[in-house]
Amino acid sequence: MSADAALIAVHDITKIYAMEGAPVHALRGVTIDIHRGEFVAVVGPSGSGKSTFMHILGCLDRPTGGRYLLDGRDVSHLPDDDLSAIRNRQIGFVFQGFNLLARTSAVENVELPLLYAHDSRISPGERRRRAMTALAAVGLENRAEHHPNQLSGGQQQRVAIARALLNDPAILLADEPTGNLDSRTSVEVMDIFQRLKKERGITIVLITHEPQVAEYGSRIVRFKDGRVVSDHPNSSRRTAAEELAAVALGAAEDQA
């Protein structure tokens, strides 16, 4: 595989759902290449096909037609067991709903992917070490023993991000990750994503209907009616760290 080959290569992907009355064309010939280390924001109104696109990228669903090459491998129509292995080893997921177990601590929630890993040789001690490392990456190592009801919405989303990072994925797929968060907390989450891209080289695909959130990506892809209607680098990319620093400075000046 050449060094400049796309990590994600989607060629003429279609997705048709069989519904009573008439079939629903969720995707209509989508072609996109995403390279390693990109932060791609996918935007569009409800029903535009962006979430269906993410489900196919995440090997949660199969296309009706076309090809999906993941790191050079055609995964378009692999068996369920193979798709499950790919999800476990190469892809991390962050959703709008935090999907945390209520009666389980933050660190135990983060450990969950390793409990279902194909490699059952991972010891409890190693699981805990990896989980604590992931929590440290999102600044929550001091909340490891707290349960979800003891955490703010932003902290719960950070636990969910830590869980997605546990298997050191090449790709992080985030579906409306700021949908349940206030503006300040949304910026904090975007700061984590931008740091993961910069420091770890993780490829991030962010699904959002909020144009202002999409502006944190290095590239913006717009969907409408199951098609890509625009795809361009984001020359005016927002930098979350600078915005957070400005807010902190303003607060400090107010207290002075």
Pairs where the first residue, in the range 82-94, is within 17 Å of Ile161 (Cβ to Cβ) and the second is part of a helix (DSSP H, G or I) and among the polar types (S, T, N, Q), C-beta under 9 Å, 6+ apart: Val94/Gln157
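A quick yes/no check of all residues on (1) free of Cβ contacts under 8 Å to residues at least 60 places away in the same chain; (2) surrounded by fewer than 23 Cβ atoms within 10 Å (Cβ to Cβ); (3) assigned to a helix (DSSP H, G or I):
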residue	(1), (2), (3)
Gly179	no, yes, no
Gln194	no, yes, yes
Lys198	yes, yes, yes
Leu206	no, no, no
Phe223	no, no, no
Arg238	yes, yes, no
Restricting to the range 31-60, what's the tally of residues that are assigned to a loop (DSSP other than H, G, I, E, B) and surrounded by fewer than 17 Cβ atoms within 10 Å (Cβ to Cβ)? 7
Of these, Arg87, Arg62, which one is of a type in the set (Lys, Arg), under 18 Å from the mean Cα position of the chain (by Cα) and modelled with pLDDT of 90 or more? Arg87
From Arg121, Arg130, which residue is in a helix (DSSP H, G or I) and of a type in the set (D, E, K, R)? Arg130
Qualifying residue in the range 11-29 (condition: surrounded by 13 or more Cβ atoms within 10 Å (Cβ to Cβ) and either among the aromatic types (Phe, Trp, Tyr) or under 24 Å from Glu199 (Cα atoms) (or both)): no
The residue from Asp231, Asp168 that alone is under 20 Å from Ile32 (Cβ atoms) and either crowded, with 21+ Cβ neighbours inside 10 Å or out of contact with any Cys (no Cβ under 9 Å at 6 or more places or on another chain) (or both) is Asp231
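The values are calculated or read from the model by the stated rules, or taken from the named source; none is laboratory data. This is a predicted model, so every value here is computed, not measured. Neighbour counts are summed over all protein chains in view; Cβ atoms, including those assigned to glycine, are modelled from backbone coordinates with ideal geometry.
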